[in-house]
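Report on the following structure.
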């Protein structure tokens with residue numbers, strides 16, 4: 001059963017059930033589509049543990065070989081095991097679990113990306129220049145949008161919010177729609193290449209913008 | 001001019017920090033207007049009638065919390081104050097349910113909704129777009145139990161609510177993927193559910209076509225959107241308090257771009273680079 | 001109280017990266033990765049209870065054993081030579097995902113978007129919108145000769161329209177990034193130091 | 001058929017048909033002409049300049065891995081890396097490739113080695129020119145910034161999936177005075193590239209660049225099929241807008257049939 005053909009057939013079958021269900025009202029296809037989508041959520045639930053297993057492998061090796069900053073690996077695994085244990089016994093609605101979530105995970109996650117405020121200011125100062133027509137248009141539009149967003153813009157000139165709204169709803173909308181249509185066609189093409197068995201080894205991803 | 005280009009980056013960081021911190025300590029309270037897109041979100045919630053079903057989907061993580069928390073707080077307060085509206089809290093990001101719990105905890109005693117009768121927390125289901133699609137298609141099969149372990153069939157308010165077609169308004173608090181496109185693809189397009197979004201600022205520009213096409217009926221833009229919602233509710237909160245900081249940090253960035261460009265164009269070595 | 005201090009120490013630890021990459025930063029970063037992974041496991045387990053265990057125990061829906069076993073095959077990748085087994089759950093997930101993308105995209109992102117652009121050319125804004133969408137599509141039209149004047153002009157216009165859009169994106173990104181830092185500064189000055197009214 | 005989806009269904013048939021047809025046609029050897037992509041053309045100039053100045057070319061294929069929807073960007077980045085390293089080998093310049101995902105490292109090494117081999121310059125290939133720096137997003141960015149500044153890179157080429165680190169790396173390259181060529185399909189990062197770089201590949205241009213650089217017929221065929229689908233959207237648009245201007249909503253109504 002190592003055959004790639006079988007896997008591609010499986011992928012194809014699951015995809016076609018969902019596509020048919022979208023366009024045709026057939027009871028057993030609808031039921032099958034509902035069932036496999038719920039299967040998908042079950043498999044995805046299990047997949048959430050993969051990262052943890054991977055971390056255990058990487059960091060336990062680092063600790064055993066006393067490589068690099070192995071004590072950080074100890075900290076990583078320790079907090080991972082403790083918080084997981086609390087979560088499994090106390091559930092994620094429990095007070096102890098929420099203590100860790102609210103006082104460790106949330107502030108750290110929030111700070112990680114908050115640093116971008118610094119990076120963007122420094123890049124604005126040192127690198128963002130209007131050296132071509134492209135970048136000149138971009139910087140002018142960006143400045144107007146910034147003045148439309150920040151309350152101080154309104155205090156300087158009451159027309160800024162209106163200008164911002166126009167940029168967002170007219171030229172920005174048009175460009176984003178063109179990109180969206182092109183990107184949508186690209187996504188369908190990628191899907192077709194997967195179903196044709198040409199493109200392999202994809203798994204849906206996602207993250208913070 | 002060379003000096004201007006070689007200012008230590010840490011000085012820039014410090015200036016940004018001060019631009020944020022000083023207005024917090026010495027607020028001036030610059031006035032701000034309400035964007036039409038935010039007004040629409042408020043009006044959608046305001047127009048909910050007794051018996052209407054509202055779904056609140058918590059699709060963000062700690063990284064987006066600074067923008068999404070104030071939005072969610074304001075919108076939830078508004079929604080839970082609407083008499084007779086049935087509210088379903090769900091999440092398609094793993095941190096979502098914990099945020100929802102936090103706000104429900106804060107609001108305890110301020111509303112007269114009863115768990116199971118008027119509102120329910122379904123919690124998180126993995127699978128991103130697949131989970132969204134499964135939820136929209138059949139909530140009872142997608143969530144055999146709620147977040148507290150109660151069987152779905154034992155929850156009185158869910159008796160007549162089967163799919164997204166029974167929902168009168170869906171609001172997503174979202175910062176990334178899965179987010180707006182996934183909800184539009186699997187919920188709005190299929191069931192025609194009215195949909196509004198509270199999102200982080202970075203996502204706004206790219207999602208505008210959905211707003212223009214009516215697939216998204218309204219949206220809040222980041223912290224500014226939250227402040228506008230607080231203003232419409234008539235209750236200034238943390239977002240309103242941060243508007244001066246937002247103003248001065250923007251001003252700092254604009255001034256930096258100006259100085260950077262002056263230095264760049266005044267640099268005689270520029271052509272030889 | 002202890003919680004606020006913990007959060008403040010962590011916040012400052014990560015912020016110290018702005019001054020210089022340092023050992024304390026790396027320690028805090030490891031803690032973050034650890035607790036983040038724990039959160040995924042816990043929420044994954046609760047999702048699994050909701051989706052697979054409850055139906056099997058309460059409604060005797062034993063067919064859920066199939067995805068459960070197939071899902072466990074994901075871990076086969078950690079055993080030498082058994083990697084191929086973990087491709088079965090992936091094949092299923094990819095199949096479902098691809099199906100949902102294809103059927104969702106054609107309506108939401110293509111047909112409905114084109115439809116919303118079918119406006120009469122009776123105002124400047126409508127003309128800009130129609131021309132904008134068309135020229136941006138032209139810009140992304142790749143299989144053509146470089147000498148085609150119609151395409152060259154229109155894709156240049158498309159490029160400029162996109163630059164305005166990128167400016168809008170940029171402006172909003174600045175607001176987003178600043179808001180994140182505002183959240184942290186509010187925490188440090190208010191919740192931790194108690195300096196804010 | 002369910003109500004309201006007929007037009008979508010037939011459109012899907014047209015789009016899918018065009019894409020499949022052109023992929024099959026390309027597989028059987030038909031080639032398509034593709035418009036030039038300015039950023040891709042500029043790579044030769046950038047490598048030439050680095051050679052003259054005796055400073056290195058920095059390349060990053062982004063921070064995405066080989067799984068998930070963003071993998072396509074990594075592959076497009078690696079395909080262009082092949083072209084970049086051939087030019088580097090031909091001119092006798094120096095290249096440094098920064099890697100964030102361990103799984104991408106062996107692939108990138110192989111691409112560079114193959115390129116040196118193809119140019120008959122394998123003895124000039126430096127094993128350390130492809131390096132894994134860190135798996136953590138910002139630690140990776142900090143390491144890349146350090147390298148670009150220390151070595152005063154003459155060219156900075158960033159092609160692949162980039163997220164929040166994009167502007168940090170682009171700022172470092174700008175400050176080092178490098179010619180910067182960047183591209184990503186993550187539209188949210190493109191504005192920062194436009195503001196700080198000399199040439200930018202926008203969105204799908206990245207995939208087209210990868211297809212051109214590698215000459216992969218399936219990808220080239222897919223691009224041709226996608227273009228036909230875009231043409232279909234444009235035709236609908238033109239007809240519908242003209243009709244709407246003349247007061248007829250027939251297409252507008254037909255599309256929700």
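The values are calculated or read from the model by the stated rules, or taken from the named source; none is laboratory data. In this text the structure is predicted, and so the values were computed from the model without any measurement. Because the Cβ atoms are built from the backbone with ideal geometry, glycine has one as well, and the counts that use them run over all protein chains shown.
Values as computed for the structure displayed
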quantity: Among the residues listed as B:154, B:168, the single one being farther than 30 Å from residue B:204 by Cα and either within 11 Å of chain C (Cβ to nearest Cβ) or in contact (Cβ under 8 Å) with a residue 60 or more places away in the chain (or both); calculated: B:154
quantity: Complete set of residues in the stretch D:177-207 that are on the phi > 0 side of the Ramachandran plot and at the interface with chain A (Cβ under 10 Å from one of its Cβ atoms); calculated: D:203
quantity: Selected residue (only one of C:69, C:63 is assigned to a helix (DSSP H, G or I) and out of contact with any helix residue (DSSP H, G or I) (no Cβ under 9 Å at 6 or more places or on another chain)); calculated: C:69
quantity: Test result for residue D:174, under 15 Å from residue D:59 (Cα atoms) and either at the interface with chain C (Cβ under 7 Å from one of its Cβ atoms) or outside any loop (DSSP other than H, G, I, E, B) (or both); calculated: yes
quantity: Index of the failed condition, residue B:139 passing every other in (1) surrounded by 18 or more Cβ atoms within 10 Å (Cβ to Cβ); (2) over 22 Å from residue C:63 (Cα atoms); (3) more than 10 Å from chain A (Cβ to nearest Cβ); calculated: (2)
quantity: Residue selected from the stretch B:65-81 under the condition away from chain C (no Cβ under 14 Å) and in contact with a helix residue (DSSP H, G or I) (Cβ under 7 Å, 6 or more places away or on another chain), by the criterion surrounded by the most Cβ atoms within 10 Å (Cβ to Cβ); calculated: B:74
quantity: Answer from A:63, A:133, A:120 - the residue that is in contact with a helix residue (DSSP H, G or I) (Cβ under 8 Å, 6 or more places away or on another chain), over 30 Å from residue C:65 (Cα atoms) and more than 9 Å from chain C (Cβ to nearest Cβ); calculated: A:63
quantity: Condition met for residue A:143 (within 24 Å of residue B:225 (Cβ to Cβ), at the interface with chain C (Cβ under 10 Å from one of its Cβ atoms) and either over 27 Å from the mean Cα position of the chain (by Cα) or not in a helix (DSSP H, G or I) (or both)); calculated: yes
quantity: Subset of the stretch B:240-273 that is more than 35 Å from the chain's Cα centre (by Cα) and assigned to a helix (DSSP H, G or I) - its residue that is farthest from residue B:198 (Cα to Cα); calculated: B:272
quantity: Condition broken by residue A:25, with the remaining ones in (1) assigned by TED's automatic domain parsing to the domain that holds residue A:14; (2) assigned to a helix (DSSP H, G or I) satisfied; calculated: (2)
quantity: Test: residue in the stretch B:27-35 that is in contact with a strand residue (DSSP E or B) (Cβ under 8 Å, 6 or more places away or on another chain) and modelled with pLDDT of 95 or more; calculated: yes
quantity: Residue count for the stretch A:131-146, restricted to those that are buried (at least 24 other Cβ atoms within 10 Å of the Cβ) and farther than 19 Å from residue D:170 by Cα; calculated: 3
quantity: Selection from the stretch B:213-239 of residues that are crowded, with 22+ Cβ neighbours inside 10 Å and part of a helix (DSSP H, G or I); calculated: B:222, B:223, B:224, B:225, B:226, B:227, B:228, B:229, B:230, B:239
quantity: Helices (runs of 4 or more DSSP H) (entirely within the stretch A:91-130) containing at least 3 residues that are surrounded by 24 or more Cβ atoms within 10 Å (Cβ to Cβ); calculated: A:106-114, A:116-126
quantity: Subset of the stretch B:9-57 [without any contact (Cβ under 8 Å) to a residue 24 or more places away in the chain and more than 10 Å from chain A (Cβ to nearest Cβ)]; calculated: B:18, B:25, B:26, B:47
quantity: Hey, residue D:237 at pLDDT 95 or above and crowded, with 21+ Cβ neighbours inside 10 Å or not; calculated: yes
quantity: Looking only at the stretch A:148-187, and only at residues there that are out of contact with any helix residue (DSSP H, G or I) (no Cβ under 6 Å at 6 or more places or on another chain) and not in a helix (DSSP H, G or I), the one that is nearest to the other protein chains (Cβ to nearest Cβ); calculated: A:158
quantity: Close pairs from the stretch A:88-109: first over 19 Å from residue B:96 (Cβ atoms) and away from chain B (no Cβ under 11 Å), partner modelled with pLDDT under 95 and surrounded by fewer than 17 Cβ atoms within 10 Å (Cβ to Cβ), Cβ under 7 Å, at least 6 apart; calculated: A:96/A:90
quantity: Top-ranked residue in the stretch C:45-73 [being under 26 Å from the mean Cα position of the chain (by Cα) and buried (at least 22 other Cβ atoms within 10 Å of the Cβ); ranked as farthest from residue B:141 (Cα to Cα)]; calculated: C:71
quantity: Residues within the stretch B:185-205 that are surrounded by 24 or more Cβ atoms within 10 Å (Cβ to Cβ) and not in a strand (DSSP E or B), tallied; calculated: 11
quantity: Some residue of the stretch D:111-127 being closer than 23 Å to residue D:173 by Cβ, in contact (Cβ under 8 Å) with a residue 40 or more places away in the chain, surrounded by fewer than 24 Cβ atoms within 10 Å (Cβ to Cβ) and more than 19 Å from the chain's Cα centre (by Cα); calculated: no
quantity: Tally of residues being in contact with a helix residue (DSSP H, G or I) (Cβ under 6 Å, 6 or more places away or on another chain) and either within 11 Å of chain A (Cβ to nearest Cβ) or more than 14 Å from residue D:99 (Cα to Cα) (or both) across the stretch D:66-78; calculated: 2
quantity: Number of the exception - residue D:99 against (1) away from chain A (no Cβ under 14 Å); (2) free of Cβ contacts under 8 Å to residues at least 24 places away in the same chain; calculated: (2)
quantity: Test: residue in the stretch C:109-123 that is closer than 21 Å to residue A:38 by Cβ and more than 7 Å from chain A (Cβ to nearest Cβ); calculated: no
quantity: Tally, over the stretch D:208-251, of residues that are part of a helix (DSSP H, G or I) and either more than 7 Å from every other protein chain (Cβ to nearest Cβ) or without any contact (Cβ under 8 Å) to a residue 60 or more places away in the chain (or both); calculated: 30
